[in-house]
1. Could you grab me the full set of residues in region 16-31 that are modelled with pLDDT of 90 or more, in a strand (DSSP E or B) and out of contact with any helix residue (DSSP H, G or I) (no Cβ under 8 Å at 6 or more places or on another chain)?
2. Can you spot a residue in region 11-26 that is surrounded by 12 or more Cβ atoms within 10 Å (Cβ to Cβ) and closer than 19 Å to residue 80 by Cβ?
């Protein structure tokens, strides 16, 4: 699913807008995904090269230096609106999960590089 989601965006990147906010044992950050649409999504009306974005917030609960719990809230529906795609609700839910999976990969990479250290 992550590979499928990435196929629709060139140079997709995550930027931390606000964070890290630390209130032990919780860490939170607001992020934005930005990428250029590469085309190929069935029924999408967006033009190739159009810059798309959506944002969200992650909250992590840390215990013994490891992630114990993880919550995310994002406006992936806004991304779908930018694509002006008219899909069945089941396709939208699958696409939303793909986008969330993609965001998770970027988040893990940022965490590994110390971007979310307190």
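1. The first filter runs over region 16-31 and keeps only residues modelled with pLDDT of 90 or more, leaving 16-18, 21-31.
Next, only the ones that are in a strand (DSSP E or B) stay: 16-18, 21-23, 26-31.
17, 18, 21, 22, 23, 26, 27, 28, 29, 30 - these are the residues of region 16-31 that are modelled with pLDDT of 90 or more, in a strand (DSSP E or B) and out of contact with any helix residue (DSSP H, G or I) (no Cβ under 8 Å at 6 or more places or on another chain).
2. Yes, region 11-26 contains a residue that is surrounded by 12 or more Cβ atoms within 10 Å (Cβ to Cβ) and closer than 19 Å to residue 80 by Cβ.
The values are calculated or read from the model by the stated rules, or taken from the named source; none is laboratory data. Keep in mind that this is a model prediction, so the values were computed, not measured. When we count neighbours, we look across all protein chains shown, and the Cβ atoms used for this are built from the backbone with ideal geometry, even at glycine.
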